[in-house]
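I have placed the structure first, in the form of structure tokens, so that the comments after it can refer back to it.
The values are calculated or read from the model by the stated rules, or taken from the named source; none is laboratory data. Treat the numbers as computed from the prediction; the structure is a model and nothing was measured. Cβ placement follows ideal geometry from the backbone for every residue including glycine, while neighbour counts extend to all protein chains displayed. These area figures cover heavy atoms from the full protein model, side chains too; ligands, DNA and RNA do not enter into them. Shrake-Rupley method; radii C 1.70, N 1.55, O 1.52, S 1.80 Å.
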2 protein chains.
Amino acid sequence: MVIGIKSPEEAERSFEEISRHAKSHSSNVEVEGVLFEQMHKGVEIIAGAATDGQFDKTIIFGAGGILVELLRDITIKLAPITTLEARNMLSEIQSQKLLSGFRGNKPLNRDAIVKILDATSRMITENPEIVELDLNPIIANENEAIAVDARVVLTAYPSKRTQAHASTQRLSFLFKPQSVAIIGASSAAGKIGHEVLKNIGKYDYKGAVFPINPASESILGIKAYANILDVPTSVDLAVLTTPAKLAPTIVSECGKKGVKVVVIVSGGFKEAGSADIEKQTVEAARKYGIRIIGPNCIGVFDGYSRLDTFFQSHERMMRPKAGPVSFITQSGTFGATILEWAAESDIGISKFVSYGNRCDVDEGDLVEFFGNDPETSLIGVYVEGLDDGRKLYDTARKITSSKPIVVLKAGKTGLGSNAAKSHTGWLAGSYPVAEAAFRQAGMIVADNLEDFFDKIKALTMQPLPSNTGLVMVTNGAGPCVMAADQIERLGLTLATLSPTTKAKLTSTLPPYCLVTDTTIDLTGSATSRDYHTALTALAEDPNVGVLMPFFVFSDTPLDENIVNVLDQVATSGKTIIACASGGPYSRAMSKRVESTKIPVYETGERAVAAVEALVRQAKVSGRSAVSG
Amino acid sequence: MVIGIKSPEEAERSFEEISRHAKSHSSNVEVEGVLFEQMHKGVEIIAGAATDGQFDKTIIFGAGGILVELLRDITIKLAPITTLEARNMLSEIQSQKLLSGFRGNKPLNRDAIVKILDATSRMITENPEIVELDLNPIIANENEAIAVDARVVLTAYPSKRTQAHASTQRLSFLFKPQSVAIIGASSAAGKIGHEVLKNIGKYDYKGAVFPINPASESILGIKAYANILDVPTSVDLAVLTTPAKLAPTIVSECGKKGVKVVVIVSGGFKEAGSADIEKQTVEAARKYGIRIIGPNCIGVFDGYSRLDTFFQSHERMMRPKAGPVSFITQSGTFGATILEWAAESDIGISKFVSYGNRCDVDEGDLVEFFGNDPETSLIGVYVEGLDDGRKLYDTARKITSSKPIVVLKAGKTGLGSNAAKSHTGWLAGSYPVAEAAFRQAGMIVADNLEDFFDKIKALTMQPLPSNTGLVMVTNGAGPCVMAADQIERLGLTLATLSPTTKAKLTSTLPPYCLVTDTTIDLTGSATSRDYHTALTALAEDPNVGVLMPFFVFSDTPLDENIVNVLDQVATSGKTIIACASGGPYSRAMSKRVESTKIPVYETGERAVAAVEALVRQAKVSGRSAVSG
């Protein structure tokens, strides 16, 4: 390649040079021609498209050259993208300054770049034979954006992806069966088959329960049967706790019996190297139209029917009350923890599914079911590895504007992905693609277990904010400093108080209070009356969207009337998220505050991360431009 | 600038062009000469030095050009640096691939770059008139590293930094005073002056207590005095809860009385815009050699003398038992939370200081005191804004190899820094410089409040690992997937088990257990016996440095004998960090496990972050190369 040719003579010389160079490698080379292109000056950017194993066609945009290669400063969306999504991509890269006139350059022509992204999206979507597309570099300036090099990878076996549609068929029998058989029910306490039977048969589930065990007449006082085919009445749901190798046969028997859904609690399938048994089990189920949950899972819980298929005893694991949250989890351990945290925080659960190896019913199916479920108004999703990520994306995208979906994905790194594989037999895929897809679908992405629960708690307890202005009120400013860091990190903003509000605060609060640009610091001398004065003034300010009261409950001047103050401020309709940390007294006070439906978080960072979920959901449900 | 000159003719032409160009701006320009330099080919990197307000001279190294400008891909150390530190800087940038032969380049000559960093360090250290030094770009290749452009910023007022030495004078009177006066003691319950007196006078502190209040004969049954000068015996420590404006006078009176240390609990000083009162107070104290803690703080707690100057009642705030941890905090709220968490986790506290506005005694003084304190074996530091960061750095650097120092700094972002300023009157400075200084001094940097406590807990309860190989054992693999993500993120490594250990595990564990490359998954069927089998085999493997058992305590097969199993495994001397989450039963079990001195964390991420503290301290105390 020769660049910077300025005259016909230089062009001639370059032509000869290139031809000579090409022939110097081998005398067989025939130079058919040489490509002349206009020189372009500007900033290097890249656009491209790639095919992901879990999410199919994706569009990539990024800063060019070394930035993308060394630092992966790119943004990803699933194809096809809308023009608005293309435009949003431009502000999603870290080095977006590049586009706005960096180092004395004029701002780039964004429309020209958007046009390229649109075209890239169309190309990869409409041409199944293209698996990869790389426009690198694109030279962009204030007038135009020109791809000066391109690479297209074709496949010899083009296949348009078969659109997998979520199927919710028969899933209602999973949550509200009239009758349940426990295959592998055991009379030995501590055995999984015993504990599952006990939880289904001896607590609040009202349907018929049939222990299946060839060696027992009755278990836990419930009449047992040798085989499911011996059960005299119909059976909606079967729970398997038997060894993996028996599963294909048992599922066939379930099919003959007319069972609708089978939950396979047992492990020993794909995750243990026995993918063949898992496959045979699925084939047996398909023959009879049976849906399978699992294997290698803790199964299902329904807050209303009170059915659960867990092997964790009631003594060791609390069950939450019925309520609006449904969630699915690939890991049973993770799910059990969230259920207990929900129980302790008095958050009601509608439906819960731990699906382990996911051999049949998958995330897309369950999210679709919850989307249509009148008992569900908020959905949580914990995944490690995905099989059909695109199906989850397509399903979630339809739902998020009316029901928030909070998602947490593990297996983000290479090591985590390997751990996921040995856990449920699924490799976790590329996290950046998954995260991009989740955000594009309007889902709320959680950082970790605590953040997942924190966000669900906020979304369940509080209304969405009408605007994004945050204000912090405190009697101890330390946690607000860390909260301020988090506010900036998450791209949230503090409210600019109206002059009226500022004047009202200064004139009505005692002199020890400090009204600053970042915090209303009532100081350690603050009483509940001071909080009342501050919060009511702030609640009247239209610039304030979210009230964030921070409490040091152990500071003696703060009296317990604060609970009533908050209850009263809550009637303003503003979003309120509180923060308080400490020992037993503080925790007891936080619990009293939470009884007024104001969630309390232990640190400022966690409180702000919860606010972010509300702000984001407000955008998603308002159908306004959602970026990032 | 003209580059790529190939012949004398081109040089002549370029000279004329440059001269003409220069004169075209103004006819007054006289061109004295033109600089010719040899062309260099290679990778662009930068080196430099800058003067930081809190940490003085710093050395910077980074990738060149756009990488450093847009993405701040740099690493920082305080000058002077050792050659080893210079070498470490090369592997600390994100784009370190650049140096190792990126895009077909040969690996760069690292020695040449190290030489430049060494020279930069000497230059900035030895020449007080240089405040900034910018070698940008340096062109580096496999043979050499040449700075092709340089900028030096000089000051007209060179001043070598006066080395501030930590002073621990009189600080022992802060923790173990024979007598304490509470100035502003009040008989009105709920008032700060009442609560402070009650906590000092009515609980376990054994020294003499003197309430000072001109209007009372006695408060809480303790004889009161109108003025500290009226107290008949000597007074070591005075605690002020009086309005700020009285402080200069009162401190003078304390001086006349021979008081050694004054704790000013009251606010209303610099943080409220009254820097002048704060200054007068310090001047009064200096006159008499009095040391001041505060103002605007909750003061001091000593686990042994049982003195505390808090205004939080015992009913609302637990006090921890005596023990090895000392810590300082700029925020009282933060400090109170950590004290209560310590009390609940049965972690003993030696000394605690909340220092608020820090008008006299600062971080360096206190850390120095703790470094020499036989009652302290671990130090925690929470800071928002620093005044003399270099003093803290110098002090900490001497201590970290023998006593771990865990540090958390808030005010990382612009917004957080502003919040810090309105909190204690100090702007928080540049976080990257502070973090670099902390790491260079061998301190352990925490991410947030919980991580700060988690790391202290691990360092207090567990021995340092002899090597860095981690191994996870679990009865529910979900949390291990997220832990694996964290292991990779924090640069830790899983142990490679010896063939003997693998064989032993496979032959002795029941068939339902899965021994994989990332996890020993005992599955939901696991009993305490299975944990015993796995953990004892792993403890015998020299490749294993850290045992990480994960528990789903609610899984019924897991019996409570697990506590004894762990107690037994602990005798192996391996580092053990556990993880378990859930509700009341799980929490009760975790508490029983912690009674064996094995800390239990609620999530895998937090457990791994705690392990990182131990691994890092092992490096620091082993005096091996500590990078990053």
- [ ] Would you point out the residue of segment A:73-103, among those that are among the charged types (D, E, K, R) and closer than 25 Å to A:Y393 by Cβ, that is surrounded by the most Cβ atoms within 10 Å (Cβ to Cβ)?
- [x] A:K77
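Answer yes or no as to whether A:Q462 is closer than 22 Å to A:V406 by Cα, within 13 Å of the chain's Cα centre (by Cα) and in contact (Cβ under 8 Å) with a residue 60 or more places away in the chain.
Considered against the rule, which asks whether it is closer than 22 Å to A:V406 by Cα, within 13 Å of the chain's Cα centre (by Cα) and in contact (Cβ under 8 Å) with a residue 60 or more places away in the chain, A:Q462 comes out as no.
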Task: Residue list for segment B:89-129, restricted to those being touching a residue at least 60 places away in the same chain (Cβ under 8 Å) and under 17 Å from B:V433 (Cβ atoms) - done: B:E92, B:L117, B:T120, B:S121, B:I124, B:T125
TODO: Tell me which residues, restricted to segment B:264-282, are under 18 Å from A:G476 (Cα atoms) and either in contact (Cβ under 8 Å) with a residue 24 or more places away in the chain or assigned to a helix (DSSP H, G or I) (or both).
DONE: B:I264, B:V265, B:S266, B:G267, B:G268, B:F269, B:K270, B:E271, B:A272
Open item on the list: Restricting to segment B:320-333, name every residue that is at the interface with chain A (Cβ under 10 Å from one of its Cβ atoms) and open to solvent by 10 Å² or more (accessible area, probe 1.4 Å).
Closed with: B:G332, B:T333
Task: Qualifying residue in segment B:511-521 (condition: aromatic (F, W, Y), closer than 27 Å to A:E340 by Cβ and at pLDDT 95 or above) - done: no
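Conditions tested, residue by residue: (1) in contact with a Lys or Arg (Cβ under 6 Å, 6 or more places away or on another chain); (2) more than 23 Å from A:D362 (Cα to Cα).
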position	(1), (2)
A:I399	no, no
A:K403	no, no
A:Y431	yes, no
A:F453	no, no
A:V471	no, yes
A:G478	no, yes
A:A483	no, yes
- [ ] Scan segment B:104-130 residue by residue and report those that are closer than 25 Å to A:G65 by Cβ and open to solvent by 80 Å² or more (accessible area, probe 1.4 Å).
- [x] B:K106
Open item on the list: Between A:S586, A:S590, which is modelled with pLDDT of 95 or more and at the interface with chain B (Cβ under 9 Å from one of its Cβ atoms)?
Closed with: A:S586
- [ ] Could you please find all residues in segment A:524-544 being of a type outside the set (S, T, N, Q), open to solvent by 40 Å² or more (accessible area, probe 1.4 Å) and under 38 Å from the mean Cα position of the chain (by Cα)?
- [x] A:H532, A:E540, A:P542
Task: Selected residue [part of a strand (DSSP E or B) and closer than 24 Å to B:D365 by Cα] from B:V251, B:V209, B:V239, B:V235 - done: B:V239
Open item on the list: For segment A:276-308, give me each residue that is within 14 Å of chain B (Cβ to nearest Cβ) and either surrounded by fewer than 23 Cβ atoms within 10 Å (Cβ to Cβ) or among the small types (G, A, S) (or both).
Closed with: A:G294, A:G299
Open item on the list: Checking the condition open to solvent by less than 10 Å² (accessible area, probe 1.4 Å), among the aromatic types (F, W, Y), within 12 Å of chain B (Cβ to nearest Cβ) and within 15 Å of B:T523 (Cβ to Cβ), which residue from A:F269, A:F311 passes?
Closed with: A:F269
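Can you find, within segment A:506-522, the residue that is farthest from the chain's Cα centre (by Cα) among those that are open to solvent by 30 Å² or more (accessible area, probe 1.4 Å) and facing chain B (nearest Cβ under 10 Å)?
Checking each candidate, the answer is A:P511.
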Task: Condition check for A:G411: within 14 Å of chain B (Cβ to nearest Cβ), out of contact with any strand residue (DSSP E or B) (no Cβ under 9 Å at 6 or more places or on another chain), surrounded by 23 or more Cβ atoms within 10 Å (Cβ to Cβ) and not in a strand (DSSP E or B) - done: no
Task: helices (runs of 4 or more DSSP H) (entirely within segment A:519-628) containing at least 3 residues that are closer than 30 Å to B:N199 by Cα - done: A:528-539, A:562-569, A:584-594
- [ ] Within segment B:171-199, track down each residue that is in contact with a strand residue (DSSP E or B) (Cβ under 8 Å, 6 or more places away or on another chain), aliphatic (A, V, I, L, M) and either closer than 23 Å to B:K245 by Cα or within 14 Å of another protein chain (Cβ to nearest Cβ) (or both).
- [x] B:V180, B:A181, B:I182, B:I183, B:A185, B:V196, B:L197
Task: Lone unmet requirement of (1) under 29 Å from A:G380 (Cβ atoms); (2) of a type in the set (A, V, I, L, M); (3) surrounded by fewer than 18 Cβ atoms within 10 Å (Cβ to Cβ); (4) free of Cβ contacts under 8 Å to residues at least 40 places away in the same chain for A:A503 - done: (1)
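Name the residue that is farthest from the other protein chains (Cβ to nearest Cβ), counting only residues in segment A:202-212 that are open to solvent by less than 30 Å² (accessible area, probe 1.4 Å) and closer than 24 Å to B:S525 by Cα.
Among those that are open to solvent by less than 30 Å² (accessible area, probe 1.4 Å) and closer than 24 Å to B:S525 by Cα, it is A:F210.
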- [ ] Evaluate segment B:154-170: report whether one residue or more is more than 30 Å from B:D56 (Cβ to Cβ) and either among the hydrophobic types (A, V, I, L, M, F, W, C) or away from chain A (no Cβ under 14 Å) (or both).
- [x] no
Open item on the list: Considering only segment A:360-374, I want to know if a residue exists there that is open to solvent by less than 10 Å² (accessible area, probe 1.4 Å) and within 14 Å of chain B (Cβ to nearest Cβ).
Closed with: no
Task: Within segment A:173-191, tally of residues that are surrounded by fewer than 20 Cβ atoms within 10 Å (Cβ to Cβ) and either outside any loop (DSSP other than H, G, I, E, B) or of a type outside the set (A, V, I, L, M, F, W, C) (or both) - done: 7
Task: Scan of segment A:575-599 for residues that are in contact with a helix residue (DSSP H, G or I) (Cβ under 7 Å, 6 or more places away or on another chain), in contact (Cβ under 8 Å) with a residue 40 or more places away in the chain and either closer than 23 Å to B:A342 by Cα or of a type in the set (D, E) (or both), ordered by number - done: A:C579, A:S581
